[in-house]
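Undergrad: Take a look at the following structure, please.
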Amino acid sequence: MGLTIAQKIIKNHLISGEMKAGSEIALRIDQTLTQDATGTMAYLQFEAMGTERVKTELSVAYIDHNTLQAGFENADDHRYIQTVTKKHGIRFSRPGNGICHQVHLERFGVPGKTLIGSDSHTPTAGGIGMLGMGAGGLDVAVAMGGGAYYITMPKIIKINLTGVLPPYVGAKDIILEVLRMLGVKGGVGSVVEYCGEGVKTLSVPQRATITNMGAELGATSSLFPSDEVTRAFLRAEEREADFTPLAPDDDAVYDAEYTIDLSSLEPLAACPHSPDNVKPVAELEGMKIDQVCIGSCTNSSMLDMLTVAAMLKGKTVHPDVSLSISPGSKQVYTMLAECGALADLIAAGARILECACGPCIGMGFSPKSAGISLRTFNRNFEARSGTADAGVYLVSPETAAASAIAGVMTDPRKSGDALDIKIPEHFKINDNLIEMPASPEDAGAVTVERGPNIKPIPVGKAPEADLETTLILKVGDNITTDHIMPAGTKILPYRSNVPKLSEFCFTVCDKEFPERAKKMGGGIIVGGSNYGQGSSREHAALVPLYLGIKAVVAKSFARIHVANLINFGIVPMTFENPEDYDKLKEGAKLTIKGFADAVAGADKLYLECECGCKIPLKLDLTARQRAILSAGGMLNFTKNNG
Ligand code: MIC
Ligand code: SF4
């Protein structure tokens, strides 16, 4: 039987396990990346493991999230990351060099290799046929130390692309169409592979927009083949030597197949507050807007920037609209400046930001009260923009630019003649903001600098024999990590300071939660389906751990979050009968008899509620996960196992 692209890469990297969808497999990881908002934790954990030098082929630390530096905290974290990476063999991408996924695609990604990153959009690398996966910082630390990365062998969803995109319809519209079809849970447990004649018509930046937002499908990863288009991109990056062709076998077998005719697509928008709440722009036309933000790891390539510049040239941004533009990398920014397109953006009234995540993670540019913001980003979760009642619509750069000029949501197909944007055949190569690590001989002399913002990481405890607890918080479906552990200007500076972060935990859903948890000494959380979707931030497990959360019972979990819960010793359980969710009331006293024994070995256990009901729960865990949970989390587990 033939293999798909993902299956080929997995086969070449398989350490243990069976390549049968649903089985746990261990993979060898060639490259890792971290960003600064999750990086401090990853490196603190790497240090705690005691490995002197990374064992991967390449590891890179990026500074792109917390670049606002409203106080000393972020600068302290940056210096810590800069020094700890120098000591242990990791390259350091300085602030100003760009967003991790964009830079990694440009400078380091290699078709056919594996990459894990402490950021959920690591699958961006799938745009050049690299298997990129988002992971918690602790898993990245383990991989840097040469350890395997464990995933569930994915199912493979094939999306067959036919036809050619019409003018003013972009790659963003393709992935929004996929989100409309499959929804935010549609990719869970799967890798999405793009095939068909339409693939050849898409450049690498377009492919990367699509694989990037595969994260919003809940997919383990997304992949394009590595073909002549990939080769041309790598050549433009002076890295043709990294090219290898990669395609599925003709007789590859898929678990599900869909077809999208690119020529039938129209501009789309994901409406508040979910990336799968997709409607045609034509239906939303005329809606008054307050803000437009262009950039993020989804749409900040040279192609995106040149498209926007061409549409804004000679025009003025509407007086009621504030437009921000963040190029994705120093490479893009420099090329924009050199070709003059940057001048067109500035002249039109765009507010140019540094090449970093910026507004995407709520670091500035919060919309006005109840404001409407069009963003080329990948997430429009409630309150993520920093304004709780704002409405964020995710759109293509084409729709964003047309609307910024008009002041209302505008179908870009009305913008006149088709644009003919060509990305340069040769990119501007200058890696002067990538610092190389010290040599093994010099590493001993490097002092790791730790500022006062860096606090110890909480460590989990082994499960109690019988659990007597309280249902401290009950939440609904699709709870995101932005609900559990919000980000933004006021909170992100404390990513290395769990006690301080805990003051903000779940406050989007319930302002009283942190206080209540502290007073009651913790409890358990009950959630609906797809609990923990979104970011890879392990703070969404670490902070609840700090607040005494022992377990989460949900209808289902998102992949990265469940791994993070296990790594920190919080037991994830699911309802045997999802309708039992309705029986549980916040504040109820709960008992789980034989809790520790069940975690160690049983598939089923019972939650007894003071109301008299007895609810069967499932523990869908592998032997390895049970051992980690029984030890009270990965750090204890690693310590116990020498
Ligand atoms: C995000 O887009 O939510 C982030 C910020 O990049 C996160 C990582 C984080 O929370 O630091 C992600 O996607 O993993
Ligand atoms: Fe940064 Fe936004 Fe991309 Fe996350 S989604 S890595 S915050 S640009």
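Every read-out reported here was derived from the displayed coordinates using simple, explicitly stated rules and does not represent laboratory data. Predicted, not measured: the structure shown is a model, and the values here were computed from it. Quick reminder, even Gly has a Cβ in these numbers, built from the backbone with ideal geometry, and neighbours come from all protein chains shown.
Undergrad: Treating the beta-carbon of each Lys and Arg as +1 and of each Asp and Glu as -1, no other charges, what is the dipole magnitude of the chain about its Cα centre, to the nearest 20 debye? Show your work: numbers first, answer last.
TA: On the way: 62 positive and 73 negative charges, 248 e Å.
Roughly 1200 debye, rounded to the nearest 20.
Undergrad: Among 395, 357, 380, whose Cα projects farthest towards the positive end of the dipole of the range 321-396, with charges put on the beta-carbon of Lys, Arg (+1) and Asp, Glu (-1)?
TA: 380
Undergrad: Near the amide H of residue 237, under 5 Å away, which other amide H atoms are found, from residues 5 or more places off or on another chain, if H is placed in the peptide plane?
TA: The answer is 427.
Undergrad: Okay, moving on. Report the one residue of 1, 35, 21 whose Cα lies farthest in the direction of the positive end of the charge dipole of the range 1-58 (charges on C-beta: Lys and Arg +1, Asp and Glu -1; origin at the Cα centre).
TA: 1
Undergrad: Then there's this: Could you work out the mean projected area of the convex hull around the alpha carbons of the range 472-565, in square nanometres to one decimal? Intermediate results must be reported in sequence, preceding the final value.
TA: Numbers: hull surface 20.1 nm².
Spelled out: convex hull of the Cα atoms, projected over all directions, averaged, 5.0 nm².
Undergrad: Give the share of C-alpha pairs in each 10 angstrom bin for the range 313-461, from 0 to the last occupied bin, in whole percents, shortest bins first.
TA: 9, 28, 28, 18, 11, 5, 0
Undergrad: Treating cross-link reach as a plain straight distance, find the lysines whose alpha-carbon is under 19 Å from the alpha-carbon of residue 639, omitting any fewer than eight places away in the same chain.
TA: 461
Undergrad: Another one. What are the residues whose amide H is under 5 Å from the amide H of residue 554, where those residues sit 5 or more places off or on another chain and H is modelled from the backbone?
TA: 527, 573, 574, 575
Undergrad: Given a cut-off of 27 Å, name the pairs among 550/604; 158/185; 279/585; 155/422; 511/555; 155/555 whose C-alpha atoms lie farther apart than that in the structure shown.
TA: On the way: 550/604 17 Å; 158/185 16 Å; 279/585 35 Å; 155/422 36 Å; 511/555 24 Å; 155/555 21 Å.
Correct reply: 279/585; 155/422.
Undergrad: Another question, then. How about residue 315: which lysines have a C-alpha closer than 18 Å to its C-alpha, ignoring those fewer than 8 places off in the same chain?
TA: Partners within reach: 414.
Undergrad: Now for a different question. Just to check I understand the Karplus step: with θ = phi - 60° and J = 6.51 cos²θ - 1.76 cosθ + 1.60, what whole-Hz values come out for the range 392-398, glycine and proline as x?
TA: For the range 392-398, the Karplus-derived couplings read 9, 10, 8, 9, 6, x, 5 Hz, x marking Gly and Pro.
Undergrad: How big is Rg to Rh over the range 415-477, alpha-carbon atoms, Rh as the Kirkwood inverse-mean-distance radius?
TA: 1.29
Undergrad: In the neighborhood of residue 293, defined by Cβ-to-Cβ distances under 10 Å, what is the net charge if each Lys or Arg adds +1 and each Asp or Glu adds -1?
TA: +2
Undergrad: Cut-off under 21 Å on the C-alpha distance; same-chain residues fewer than 8 positions from residue 428 excluded. Which lysines are left, in chain and number order?
TA: In chain and number order, the partners are 330.
Undergrad: Also: Name the long-range amide H neighbours of residue 15: under 5 Å, sequence gap of 5 or more, or other chain; modelled H, no Pro or chain starts.
TA: When sequence neighbours closer than 5 places are left aside, the close amide H contacts are 26, 27, 28.
Undergrad: I need 415, 403 ordered by Cβ neighbour count within 10 Å, fewest first. Could the numbers behind the result be given before it?
TA: Numbers: 415 19, 403 28.
Exposure proxy ranking, most exposed first: 415, 403.
Undergrad: Report, in whole Å, the centroid distance computed from the Cα atoms of the range 176-246 and the range 275-351.
TA: Each part's Cα centre sits 23 Å from the other's.
Undergrad: So, one more: Give the distance, in whole Å, between the Cα centre of the range 495-548 and the Cα centre of the range 397-470.
TA: What the calculation gives is 23 Å, centre to centre.
Undergrad: Set the Förster radius R0 to 35 Å, insert the Cβ-Cβ distance between residue 614 and residue 510 as r into 1/(1 + (r/R0)^6), and round the FRET efficiency to 0.05.
TA: 0.85
Undergrad: While we're here: Sort 175, 151 by Cβ crowding within 10 Å, fewest neighbours at the top.
TA: By the 10 Å Cβ count, ascending, the order reads 151, 175.
Undergrad: Sorting 19, 302, 287 on the 10 Å Cβ count, fewest up front, what's the list?
TA: Lowest to highest Cβ neighbour count: 19, 287, 302.
Undergrad: Provide the per-residue ³J(HN,Hα) series for the range 306-321, in order, calculated from phi with Karplus coefficients 6.51, -1.76, 1.60 and θ = phi - 60°, each as a whole number of Hz, with x at glycine and proline positions.
TA: Result, ordered by residue: 5, 4, 5, 4, 5, 6, 8, 3, x, 10, 10, 4, 3, x, 8, 10 Hz.
Undergrad: Which semi-axes, in whole Å and largest first, does the equivalent ellipsoid of the range 524-642 have when worked out from the alpha carbon gyration tensor as the square roots of 5 times its eigenvalues?
TA: 23, 17, 13
Undergrad: Can you compute the charge dipole magnitude of the range 1-131 about its Cα centre, using +1 on each Lys and Arg Cβ and -1 on each Asp and Glu Cβ, nothing else charged? Give it in debye, rounded to the nearest 20.
TA: 500
Undergrad: How much FRET efficiency would the formula 1/(1 + (r/R0)^6) give for residue 14 and residue 417, where r is the Cβ-Cβ distance and R0 is 35 Å, rounded to 0.05?
TA: Computed FRET efficiency for residue 14 and residue 417 comes out at 0.10.
Undergrad: Let me ask another. Determine the gain in length on full extension of the stretch residue 346-residue 69; use 0.36 nm per residue of separation and subtract their C-alpha separation, reporting nm with one decimal.
TA: Stretched fully, the residue 346-residue 69 segment lengthens by 97.3 nm.
Undergrad: According to a simple spin-label model (label point 7 Å from Cα along Cα-to-Cβ), what is the distance in nm between residue 591 and residue 285?
TA: Here the modelled spin labels are 6.5 nm apart.
Undergrad: Whole Å is fine, so just give me how far the alpha carbon centre of the range 122-161 lies from that of the range 11-53.
TA: That distance is 9 Å.
Undergrad: Could you tell me what percent of the DSSP beta bridges with both partners in the chain are antiparallel, to the nearest 5?
TA: Antiparallel bridges: around 35 percent, rounded to the nearest 5.
Undergrad: Can you pull the Kirkwood radius for the chain, inverse mean 1/r over Cα pairs, to one decimal in Å?
TA: By the Kirkwood definition, the hydrodynamic radius is 24.7 Å.
Undergrad: Can I ask one more? Can you tell me the orientation of helix 330-339 relative to the chain, as the angle in degrees between its alpha-carbon axis and the longest Cα principal axis, to the nearest 10?
TA: In the chain, helix 330-339 runs at an angle near 10 degrees to the longest axis.
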